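Novice: Quick one: structure below, then a few questions.
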Amino acid sequence: MKYGCALLLLLTAAPLHAQERQVFEDIRPGATITLKPDKAYILFRSYIPAGMTPMEPVFLREPGASEIAGYETARRAAFEAEKPKADRKRAEIIEANAVAARGGGKPKPVPPELTIDTFVFAYRGATNVVAARYDHAYAPGKVERLNLVEATPGTYVLLGVNNENAYELRSCLCFGTVSFTAAPGMITDMGYVLADRMEQVSTIPELRPVTGRKVGPVLLRTEVAIRPYAEGMPLPAALAGLPRAAADYRAVGKFHNKFAAFATRLVAMPGVLAYDTDRAIDLKAEPSRTSPTP
Amino acid sequence: MLKRHLPGIAALACAAACPAYAQETSPLVDSAAIEVPNLEFAATVKDERDYLLYFFFHKPGVSFEQAMSDLTECYSEAESFELPWIPYFSLLDDAAITPKGVRPQPNSFGVMGAVFASLVEDRTPINVYEVQPKVRMCMGYKDYVRYGTTRAIWNQIAGDGMKRAIPVLAKIASGSPPSAASIEP
């Protein structure tokens, strides 16, 4: 890796702090649905425009205190294991550069000294970033489909979207998105999660203002919008009698694009999310603000 | 929610709202010492096709220091780690961690000054296929105007790596308006 201070370690040891395993299970067609009192249920609809590959929303459940403690403990342990190696490697480069300098050679980049503040790693002791499977819809369809997921209760941030079981965060909503609470024992209805290619003007009204431009070669670039639940949206009969509430969305400001192929932002949502240049505005905290840009 | 995420986003939010390079100390980069290449060229069809990859920005009225901060933020975020497979663990508050593994500690030059300082002097050319689309989005949200350029001029600007390119791009962004027509943000 070209930046020496970026140490990516895979920690496979069990976490020191016990915690509940993240549940995020797609409920398949025909399944008998009994809402468990200790599980949350997230429902969303999607519409697949012609030529668009189906997308899968990626969520980040905000971790609890014990999960964060487990992460920090593991991070500290991994740092202490890595620190001597990083110091040794850094010293070798400095020494080699001194030799090269005496011979008129070119020095190599010297990585900054590794500290606990500059150390980052991929934690495998718990999971909280999850995706729904596009091919596991509860109500499948070529154009419209509905997913129902049994999940660990908590606050979920719509982190971005993935495409066709890619198992990666392909498009991050790093410049602004929303979160909602998925309460136990009931269905939280997100309404529609809508995605389309950036390269052509979308037929989806919410996405029309932000599509129709090519921003780079090779990869599929995706723009995303949410159409919150409203009366009349399709709902399978088997779900109609179950406890269900529309997702109460809150704005989430810019966060770092650590692990994404591409970064964009959720289309502004009336009453929830607006933008002032690159800053997300929480309209529930500042209801008088408007969004000059989508 | 914004408040709840404040510890994580405060650093970057401050980078946008606060003076990133405090002036009570000597500047991190001396803008007077930065040489900007000649940006004039007669565009060919191929040049115009390559505007997806080769471009710079300008914003009327922006200071060099603010442009440094904005470009540092956008470029430092634009190179990713290898993408982890879902599911994985992440704190949203890791917002304060750059992909280079650096948690920016505000110094007298501000948060983005700290990030810039932490960038390794590395003459590896910027991977334009990976980086430029992300930077374009990031700078577009900051209301910068985009101008296409040629591969040859881009290599003069950025051929010696990101850390050397950012000050040149900042000087262009905060300098006189380019004579060429702007292109799609």
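The values are calculated or read from the model by the stated rules, or taken from the named source; none is laboratory data. Remember, predicted model here, so these are calculated numbers, not experimental data. Backbone-built Cβ (ideal geometry, glycine too); neighbour counts: all protein chains shown.
Novice: Please go through segment B:52-62 and give me each residue that is at the interface with another protein chain (Cβ under 10 Å from one of its Cβ atoms) and either buried (at least 24 other Cβ atoms within 10 Å of the Cβ) or in a helix (DSSP H, G or I) (or both), ordered by number.
Specialist: Result: B:52, single match.
Yes or no, residue by residue, for (1) surrounded by fewer than 21 Cβ atoms within 10 Å (Cβ to Cβ); (2) under 24 Å from the mean Cα position of the chain (by Cα):
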position	(1), (2)
A:195	no, yes
A:214	yes, yes
A:217	yes, yes
A:224	no, yes
A:228	yes, yes
A:234	yes, no
A:237	yes, no
A:241	yes, no
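Novice: Given the options B:48, B:65, name the one that is at pLDDT 85 or above, assigned to a helix (DSSP H, G or I) and buried (at least 20 other Cβ atoms within 10 Å of the Cβ).
Specialist: B:65
Novice: Being surrounded by 19 or more Cβ atoms within 10 Å (Cβ to Cβ), not in a helix (DSSP H, G or I) and not basic (Lys, Arg) is the filter here, so list the residues in segment A:55-76 that pass it.
Specialist: First, the residues of segment A:55-76 that are surrounded by 19 or more Cβ atoms within 10 Å (Cβ to Cβ): A:55-63, A:67, A:70-71, A:74.
Now restrict to residues that are not in a helix (DSSP H, G or I): A:55-63.
A:55, A:56, A:57, A:58, A:59, A:60, A:62, A:63, listed by residue number.
Novice: Exactly one condition in (1) within 20 Å of the chain's Cα centre (by Cα); (2) polar (S, T, N, Q); (3) away from every other protein chain (no Cβ under 14 Å) is false for residue A:202; which is it?
Specialist: Failing condition for residue A:202: (1).
Novice: If I filter segment A:112-123 down to residues being in contact with a strand residue (DSSP E or B) (Cβ under 8 Å, 6 or more places away or on another chain) and at the interface with another protein chain (Cβ under 7 Å from one of its Cβ atoms), which single residue comes out as modelled with the lowest pLDDT?
Specialist: The qualifying residue modelled with the lowest pLDDT is A:122.
Novice: Of the numbered conditions (1) buried (at least 16 other Cβ atoms within 10 Å of the Cβ); (2) within 10 Å of chain B (Cβ to nearest Cβ); (3) in a loop (DSSP other than H, G, I, E, B), residue A:49 satisfies every one except a single condition; which is it?
Specialist: (2)
Novice: Further, regarding this structure: Taking the criterion of being of a type in the set (D, E, K, R), closer than 22 Å to residue A:171 by Cβ and touching a helix residue (DSSP H, G or I) at 6+ places or on another chain (Cβ under 7 Å), would at least one residue in segment A:199-213 satisfy it?
Specialist: Looking for residues that are of a type in the set (D, E, K, R), closer than 22 Å to residue A:171 by Cβ and touching a helix residue (DSSP H, G or I) at 6+ places or on another chain (Cβ under 7 Å), one finds none in segment A:199-213, hence no.
Novice: Quick check on my filter: what residues within segment A:77-117 are of a type in the set (Lys, Arg) and surrounded by 12 or more Cβ atoms within 10 Å (Cβ to Cβ)?
Specialist: Listed by number, the residues that qualify are A:83, A:89, A:90, A:108.
Novice: Restricting to segment B:120-139, what's the tally of residues that are buried (at least 17 other Cβ atoms within 10 Å of the Cβ), modelled with pLDDT of 70 or more and facing chain A (nearest Cβ under 8 Å)?
Specialist: So the answer is 6.
Novice: Now for a different question. Looking at residue B:11 and the list (1) at pLDDT 90 or above; (2) in a helix (DSSP H, G or I); (3) surrounded by 22 or more Cβ atoms within 10 Å (Cβ to Cβ), which single condition is not satisfied?
Specialist: Condition not satisfied by residue B:11: (1).
Novice: Is it the case, given these coordinates, that residue A:190 is buried (at least 19 other Cβ atoms within 10 Å of the Cβ) and more than 14 Å from chain B (Cβ to nearest Cβ)? Before the answer, list the steps.
Specialist: Values: buried (at least 19 other Cβ atoms within 10 Å of the Cβ): yes; more than 14 Å from chain B (Cβ to nearest Cβ): yes.
Yes.
Novice: Kindly list, by first and then second residue, each pair from a residue in segment B:171-184 that is away from chain A (no Cβ under 14 Å) to a residue that is β-branched (Val, Ile, Thr) and in a loop (DSSP other than H, G, I, E, B), limited to pairs with Cβ atoms under 8 Å and residues at least 6 apart or on different chains.
Specialist: Going by the 8 Å Cβ cut-off, the qualifying pairs are B:171/B:34; B:171/B:36; B:172/B:36; B:173/B:62; B:174/B:62; B:175/B:36.
Novice: Give the number of residues within segment A:92-113 that are farther than 29 Å from residue A:80 by Cβ and assigned to a helix (DSSP H, G or I).
Specialist: The qualifying residues number 4.
Novice: Could you tell me whether segment A:77-86 includes any residue that is touching a helix residue (DSSP H, G or I) at 6+ places or on another chain (Cβ under 7 Å) and either modelled with pLDDT of 95 or more or within 12 Å of another protein chain (Cβ to nearest Cβ) (or both)?
Specialist: yes
Novice: Out of all the residues in segment A:152-174, which are under 24 Å from residue A:248 (Cα atoms) and surrounded by fewer than 23 Cβ atoms within 10 Å (Cβ to Cβ)?
Specialist: Of everything in segment A:152-174, those that are under 24 Å from residue A:248 (Cα atoms) and surrounded by fewer than 23 Cβ atoms within 10 Å (Cβ to Cβ) turn out to be A:152, A:153, A:154, A:155.
Novice: Quick one: which strands (runs of 3 or more DSSP E) lie wholly within segment A:227-284 and hold at least 1 residues that are in contact with a strand residue (DSSP E or B) (Cβ under 8 Å, 6 or more places away or on another chain) and within 14 Å of another protein chain (Cβ to nearest Cβ)?
Specialist: Fully inside segment A:227-284 and qualifying: A:250-252, A:273-276, A:279-282.
Novice: Out of A:53, A:73, A:12, A:34, report the one residue that is modelled with pLDDT under 95, of a type in the set (Ser, Thr, Tyr) and under 30 Å from residue A:197 (Cβ atoms). Outline the logic, then answer.
Specialist: Numbers: A:73 fails: under 30 Å from residue A:197 (Cβ atoms); A:12 fails: under 30 Å from residue A:197 (Cβ atoms); A:34 fails: under 30 Å from residue A:197 (Cβ atoms).
Just one listed residue meets the conditions, A:53.
Novice: Going by what's in this entry, would residue B:71 be described as assigned to a helix (DSSP H, G or I) and modelled with pLDDT of 90 or more? Give the derivation first.
Specialist: Numbers: assigned to a helix (DSSP H, G or I): yes; modelled with pLDDT of 90 or more: yes.
Yes, satisfied.
Novice: Considering segment A:162-187 alone, what residues qualify as being more than 14 Å from the chain's Cα centre (by Cα) and within 14 Å of chain B (Cβ to nearest Cβ)?
Specialist: A:164, A:165, A:181 - these are the residues of segment A:162-187 that are more than 14 Å from the chain's Cα centre (by Cα) and within 14 Å of chain B (Cβ to nearest Cβ).
Novice: For residue B:98, only one of the following conditions fails: (1) within 12 Å of chain A (Cβ to nearest Cβ); (2) at pLDDT 80 or above. What is its number?
Specialist: So the condition that residue B:98 fails would be (2).
Novice: Next question, about the same structure. Any residue in segment A:274-282 that is closer than 28 Å to residue B:87 by Cβ, under 17 Å from the mean Cα position of the chain (by Cα) and among the small types (Gly, Ala, Ser)? Can you show your working first?
Specialist: So the first thing to find is which residues in segment A:274-282 are closer than 28 Å to residue B:87 by Cβ, and the list is A:280, A:282.
Then keep just the ones that are under 17 Å from the mean Cα position of the chain (by Cα); that gives A:280.
Right, trim to among the small types (Gly, Ala, Ser) and you get A:280.
Yes, segment A:274-282 has at least one match.
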